[in-house]
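Have a look at the structure below, then the notes.
The values are calculated or read from the model by the stated rules, or taken from the named source; none is laboratory data. Just so you know, these numbers come straight off a predicted model, no measurement behind them. Note that we place each Cβ from the backbone using ideal geometry, even for glycine, and neighbour counts take in every protein chain shown. Side chains included, ligands, DNA and RNA excluded: accessible areas come from the protein's heavy atoms. Shrake-Rupley method; radii C 1.70, N 1.55, O 1.52, S 1.80 Å.
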Amino acid sequence: GGWTWFADPPDGYGGAAQTPAVLAQQAVDTMRLSGPAIGMAPTDGKTGLVGLPVWLWTEVSATTWGPTSATASVPGLSVTATARAKRIVWDMGDGHTVTCTGPGTPYTMSKGDAQSPTCGYVYTGSSASQPDHVYTVTATTTWDVNWSGGGQSGALTVTRSSTALVRIGELQVLVS
């Protein structure tokens, strides 16, 4: 026991009033939302080919695709926020983008050279002229966050990004 002196009063006790919107942002901050856990075929260290499909996906977890929820509170007020990924925009590094409204489908060897049924891309040029001979792929997830508490509700949009590298070669067949 005993007394402790603080220079400023704690939230909810005459200090700066917390609004539901501020608490909603605090709840989002505790969710640890991340950019996509990028999965691609061809995989890291392998070379894809011009004209063949590249599969794109994210591993699905609470922090990479959701849904996930968190609550932030001060005495007398609690706000709960729930985040769900809405889409991933893949900047393929060659000036083109792909927008996928789902997490994508992980590639398996049994798929061969088939196109992804949910999220993919086909390069039309090799990465030979790029720095280190690779394209830098940037995947950005857009999260829709809905919150409610204190008699109010609202929505926020949050984005998170991740990057990966992909090497794309060109195969030429010579017939003699």
How much of the accessible area of region 84-176, in percent, comes from carbon and sulfur atoms when a 1.4 Å probe is used?
-> 50 percent
Ellipticity estimate at 222 nm from DSSP helix runs (n ≥ 4, -39,500 (n - 2.57)) divided over the chain, nearest 500 = -2000 deg cm²/dmol
Given a Förster radius of 30 Å and the C-beta distance between Ser176 and Ser61 as r, what FRET efficiency does 1/(1 + (r/R0)^6) yield to the nearest 0.05?
-> 0.05
Label model pair Gln115, Thr19: point-to-point distance (7 angstrom along the Cα→beta-carbon line) in nm is 4.7 nm
Taking the chain as the reference, fit the longest principal axis to its C-alpha atoms, fit the long axis of helix 20-31 to the helix C-alpha atoms, and give the angle between the two in degrees, 0 to 90, nearest 10.
-> 50 degrees
For region 67-94, list residues with backbone N below 20 Å from a point placed 7 Å from the Cα of Leu156 toward its Cβ?
-> 67-88
With a 1.4 Å probe and every protein chain left in place, tell me how much accessible area His96 has, in Å² to the nearest 10.
-> 90 Å²
Under-5 Å amide H pairs with Ser78, H placed in peptide plane, nonlocal only | Gly150
Kindly report the accessible area of region 35-176 per residue (heavy atoms of protein chains, probe 1.4 Å, no ligands, DNA or RNA), in Å².
-> 54 Å²
Hey, could you get me the Stokes-Einstein D for the chain, Kirkwood radius over alpha-carbon pairs, 10 °C and 1.306 mPa s, rounded to whole µm² s⁻¹?
-> 84 µm²/s
Non-local residues with an amide H under 5 Å from the amide H of Tyr123, with H modelled 1.01 Å from N and Pro and chain starts lacking one, are Gly51, Leu52, Val54
Given Ala27, Gln115, Thr140, which one lies farthest toward the positive end of the charge dipole of region 1-148, if we put +1 on the Cβ of every Lys and Arg and -1 on the Cβ of every Asp and Glu?
-> Gln115
